[in-house]
Amino acid sequence: MIIPVAGFDPAYANWGIAEGQLDLSAGYLDEMRLDIVQTEKSKVKQIRTNSDDLQRCEDISQKVFMVGRRNKVIFCECPVGSQSANGMKAYGVSMGVLGALRSEGIQIIEVTATEVKVALTGNKNATKDQMIKAAMDLYPEANWPMQKEKGQLVVIKGKAEHMADAIGAIHAGVRTPVFQNLMRLYAEV
């Protein structure tokens, strides 16, 4: 049985998304599509901060809900808090969107940043570059964000790192006991 799945690397400014088709019997992930929702603080002085924040939340929610509704399972590298007020706002937005998604009945399987790194690279201390390289090696045909530099195509790291983490979330999530139990239910259908 093949099911559509997605991986999320939630963030207020750069929400990474990876979508693919997961073959439950063979354990193979195919047709990888990558995306990112990027938001930034408005530079227009006349816009109230809370109005700007609300618009950014809406931009994230629209894309995340669209992806969530077309996939059977979402694997998510859930954030774990912050040490600053702005970081805590970003944490609250990410968790709020995920909670709203779950309230719609969309299955979310949570994984940690360490699980994501280990699943993708085998190294719990993997760097962003190592994560990008591992993900690109696994899915070279995916729509990685590229740009020309000195006549060569190179990956746009600021976008690709979030996409790589989203891929890692899928790889980590399929190893969880929660997903293994869910697979048994799909096999019975």
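Selection of helices (runs of 4 or more DSSP H) fully inside region 86-189 by the criterion of at least 3 residues being touching a residue at least 24 places away in the same chain (Cβ under 8 Å) and surrounded by fewer than 18 Cβ atoms within 10 Å (Cβ to Cβ) returns 128-138, 177-188. Only one entry of ASP23, ASP35 meets the criterion of being in contact with a Lys or Arg (Cβ under 8 Å, 6 or more places away or on another chain) and either farther than 27 Å from VAL5 by Cβ or in contact (Cβ under 8 Å) with a residue 12 or more places away in the chain (or both), and that entry is ASP35. When restricted to residues that are over 14 Å from PHE8 (Cα atoms) and surrounded by 15 or more Cβ atoms within 10 Å (Cβ to Cβ), region 47-72 contains 4. In region 1-18, the qualifying residues are those that are surrounded by fewer than 22 Cβ atoms within 10 Å (Cβ to Cβ) and out of contact with any Phe, Trp or Tyr (no Cβ under 7 Å at 6 or more places or on another chain), and the one that is farthest from THR112 (Cα to Cα) is ILE2. The set of residues in region 27-46 that are in a loop (DSSP other than H, G, I, E, B), of a type in the set (Val, Ile, Thr) and either surrounded by 13 or more Cβ atoms within 10 Å (Cβ to Cβ) or at pLDDT 90 or above (or both) contains only THR39.
From the list PHE65, PHE75, the one residue that fits, being among the aromatic types (Phe, Trp, Tyr) and not in a strand (DSSP E or B), is PHE65. Suppose we filter region 55-109 for residues that are under 30 Å from LEU24 (Cα atoms), polar (S, T, N, Q) and out of contact with any strand residue (DSSP E or B) (no Cβ under 6 Å at 6 or more places or on another chain); how many remain? The number of residues fulfilling the criteria is 4. Of all the criteria given as (1) farther than 20 Å from ASN14 by Cβ; (2) out of contact with any helix residue (DSSP H, G or I) (no Cβ under 9 Å at 6 or more places or on another chain), the one not satisfied by ARG175 is (2). Filtering region 1-26 to residues that are in contact with a Leu (Cβ under 8 Å, 6 or more places away or on another chain) and outside any strand (DSSP E or B) leaves MET1, PRO10.
The values are calculated or read from the model by the stated rules, or taken from the named source; none is laboratory data. It should be emphasised that the depicted structure is a prediction, and the values quoted were computed from it without experimental measurement. Every residue, glycine among them, receives a Cβ derived from its backbone with ideal geometry; neighbour counts consider all protein chains shown.
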